[in-house]
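Here's the structure we're looking at; comments come further down.
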2 protein chains.
Amino acid sequence: MSGGEGEFDRIARYFAPLAAGFPGALGLTDDAALLDPGPGRQLVVSTDAQIEGVHFLPAADPALVAAKILRSSVSDLAAMGADPLAYTLATFWTAAIESAWLARFSQGLAVEQAALGIALAGGDTVKTPGPLSFSVTVFGTVPTGAALRRNGAQVGDLVAVTGTIGDALLGLRLLREPDLAADWGVSDTEAAFLAARYWRPSPRLAPMAALRGVASAALDISDGLIADLGHITATSGVGIALDAAAIPLSPAAQKAVRRLALADLLTGGDDYEIALTISPKKAAILDEAARASGVPITIVGRCVAGSGVRVYDGAGQVLPLGQTGFRHF
Amino acid sequence: MSGGEGEFDRIARYFAPLAAGFPGALGLTDDAALLDPGPGRQLVVSTDAQIEGVHFLPAADPALVAAKILRSSVSDLAAMGADPLAYTLATFWTAAIESAWLARFSQGLAVEQAALGIALAGGDTVKTPGPLSFSVTVFGTVPTGAALRRNGAQVGDLVAVTGTIGDALLGLRLLREPDLAADWGVSDTEAAFLAARYWRPSPRLAPMAALRGVASAALDISDGLIADLGHITATSGVGIALDAAAIPLSPAAQKAVRRLALADLLTGGDDYEIALTISPKKAAILDEAARASGVPITIVGRCVAGSGVRVYDGAGQVLPLGQTGFRHF
């Protein structure tokens, strides 16, 4: 870590404790950290950039900001089937960031680190005249050659998703317009569930580690199910046909969707669930991965010859989708 | 890499070619990249954050911006004695960034990558309402356990620096106030040299790789020689006594320093030279590393009992230093 005057104190007070459990962080006192994937393993690395007011709601509880930026980044490790190891954090602080904010933010990171099995390895803090921004780089490990990719889907493969789709989009809408809850008929508890799905996504590490070498393609859903499945179709050279009725929705989303188009939930972002493809012959392993991890995995469609993603309703008609992969604020 | 609409095209056009030589980048089409330090080696990782108008001059040639952000980041690898491997890049684009800018920026990165022996492995691009900002995460490798640290300096060790000190500070001042050249008596060629030392620092990879397991402590000089040596004294539990007359200055800096205080050059930043300590018994290896790499390494002082960094003039008087580690704009 480096930084101007005063930044050293902040690093020592708020960030060094987050690195205490990771010897390779060298106590955040050196120019760089040391990472060791271990024998027969490769390092998986992903870098994300996130901005207040663009990628997360402004003026939020710093602990929620910590949860959102770390969990959404770790989701990229889940997509590759990686076991989490460490992360580095570049922070662009505004003048409004003071000690109380930092204390709450670093407490939030500590909670999320413990839940995710990951530790701070290094980073940098700078002051910006722009909005509060972060870049998180996450590190995980996989047995060499076993990382899940986007390009292995075959015609005939099943398409499946972890968890439920659309909750985060609904949570974001409720956070911005709480009165929608009554309109949708969702309870306070359900509204809180949806908001939590927005702020604290659940990287699906356990089931995806079990599907290394089993799933033919996988990615995490950050820009919306349809847009992200589009990456699998483009890199794998297949089409995907989804069954609208099979899309897994939470009880809260099932209520809300009566007032919305299903297409909204399929093209909204921030799910941080995993979409994957798998040979029908391996469907039993899918069931076992779901059972062992406690994370539901639902078959929602199939890879077909051609290109692009289409969603079919019960009558076999193609659902109109409008814009896909649009970021909603 | 991920990003909104249009970002995918930019990534394919301007960034994917930068990753073409690095198989672990997976063509920038997946959620993460794969890194392999190789048998018996560890990965060294460092994350930096840089902002236009704070860490580099605004409205500059994009190729110079590319040089500055990549070279200053790779300098952290040199400090640890690491061999460069790859980097990820988080970019916060402003609305003013268009195709011509990106083309020039990515060409600049291509040139610097080739010079540094490093390749793009992944990243993220987002639009910001704030200033143009970057976070670069660099990866290198060292034999396991051989990374140079800051905490190994011993009383009696020699203190040495690579290259020359203060050029970047002078270059920055000239870039902001070209008339100073006449005042300092530096030629146009010398002024161009100083500006290049600001924009295109030289990570000292070769001599530092040769000093793995030899130097007792090392770091790169980003906040100014005095401030950065202060990190070695703090983590190693020694003091450092510098000989003012021994500080290596370029011919251009030798002219300019007649009009400035030497202390300015010792407390300015952006040198991206390496400061190191080494047992006097190993001084011959230091000479050999300098000779083999063609990078001058100059002994400038010695580690002493106590704490802090002091600079002594020829009469044995302590030089007043004023503020250390201040960023000059």
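The values are calculated or read from the model by the stated rules, or taken from the named source; none is laboratory data. Small disclaimer: the values here were computed from a predicted structure and weren't measured. So basically every Cβ, Gly included, is an ideal-geometry build from the backbone, and we count neighbours across all protein chains shown.
For the reader, a short list of remarks on this structure follows.
- Screening B:Leu34 on (1) crowded, with 18+ Cβ neighbours inside 10 Å; (2) touching a residue at least 40 places away in the same chain (Cβ under 8 Å); (3) among the aliphatic types (A, V, I, L, M) shows it passes everything except condition (2).
- A:Ala33 meets the stated requirement of being touching a Gly at 6+ places or on another chain (Cβ under 7 Å) and either within 11 Å of chain B (Cβ to nearest Cβ) or on the phi > 0 side of the Ramachandran plot (or both).
- B:Pro84 meets each of the listed conditions (1) without any contact (Cβ under 8 Å) to a residue 40 or more places away in the chain; (2) in contact with a helix residue (DSSP H, G or I) (Cβ under 6 Å, 6 or more places away or on another chain) apart from (1).
- Residues being surrounded by 24 or more Cβ atoms within 10 Å (Cβ to Cβ) and assigned to a loop (DSSP other than H, G, I, E, B) - total across segment A:78-113: 3
- Just one of the listed residues (A:Leu276, A:Leu321, A:Leu229, A:Leu265) is touching a residue at least 60 places away in the same chain (Cβ under 8 Å), within 23 Å of the chain's Cα centre (by Cα), outside the structural domain of A:Gly213 (by TED's automatic domain parsing) and at negative phi, namely A:Leu321.
Rundown of residues vs (1) facing chain B (nearest Cβ under 10 Å); (2) out of contact with any Ser or Thr (no Cβ under 6 Å at 6 or more places or on another chain); (3) buried (at least 24 other Cβ atoms within 10 Å of the Cβ), yes/no style:
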residue: A:Gly6; (1), (2), (3): no, yes, no
residue: A:Arg10; (1), (2), (3): no, yes, no
residue: A:Ala16; (1), (2), (3): no, yes, no
residue: A:Ala20; (1), (2), (3): no, yes, no
residue: A:Pro23; (1), (2), (3): no, yes, no
residue: A:Thr29; (1), (2), (3): yes, no, no
residue: A:Pro39; (1), (2), (3): yes, yes, no
residue: A:Ser46; (1), (2), (3): yes, yes, yes
residue: A:His55; (1), (2), (3): yes, yes, no
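- In the set A:Ala160, A:Ala121, A:Ala147, only one residue is at pLDDT 95 or above, assigned to a strand (DSSP E or B), more than 19 Å from A:His55 (Cβ to Cβ) and within 9 Å of another protein chain (Cβ to nearest Cβ); that residue is A:Ala121.
- The number of residues in segment A:118-170 being buried (at least 24 other Cβ atoms within 10 Å of the Cβ), more than 21 Å from the chain's Cα centre (by Cα) and charged (D, E, K, R) comes to 2.
Residues are listed down the side, and each one gets a yes or a no for (1) in a helix (DSSP H, G or I); (2) touching a residue at least 40 places away in the same chain (Cβ under 8 Å); (3) in the same structural domain as A:Ala275 (by TED's automatic domain parsing); (4) in contact with a strand residue (DSSP E or B) (Cβ under 6 Å, 6 or more places away or on another chain):
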site	(1), (2), (3), (4)
A:Ser135	no, yes, no, yes
A:Asn151	no, yes, no, no
A:Thr164	no, yes, yes, no
A:Ala168	yes, yes, yes, no
A:Val186	no, yes, yes, no
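- Unmet criterion (only one of (1) within 24 Å of A:Ala292 (Cα to Cα); (2) within 20 Å of the chain's Cα centre (by Cα)) for A:Arg173: (1)
- Extreme residue, farthest from B:Ala153 (Cα to Cα), among residues of segment B:280-305 that are assigned to a strand (DSSP E or B) and not aliphatic (A, V, I, L, M): B:Thr298
- Criterion violated by A:Pro129 - all others in (1) assigned to a strand (DSSP E or B); (2) within 14 Å of chain B (Cβ to nearest Cβ); (3) modelled with pLDDT of 95 or more satisfied: (1)
- In segment A:193-215, residue farthest from the other protein chains (Cβ to nearest Cβ) [restricted to those that are assigned to a loop (DSSP other than H, G, I, E, B) and surrounded by fewer than 24 Cβ atoms within 10 Å (Cβ to Cβ)]: A:Arg200
- Residues of segment A:35-77 satisfying the condition of being within 30 Å of B:Gly145 (Cβ to Cβ), of a type outside the set (A, V, I, L, M, F, W, C) and outside any loop (DSSP other than H, G, I, E, B): A:Arg41, A:Gln42, A:Ser46, A:Thr47, A:Ser73, A:Asp76
- As for segment B:59-74, it holds no residue that is within 8 Å of another protein chain (Cβ to nearest Cβ), in contact with a Gly (Cβ under 6 Å, 6 or more places away or on another chain) and at negative phi.
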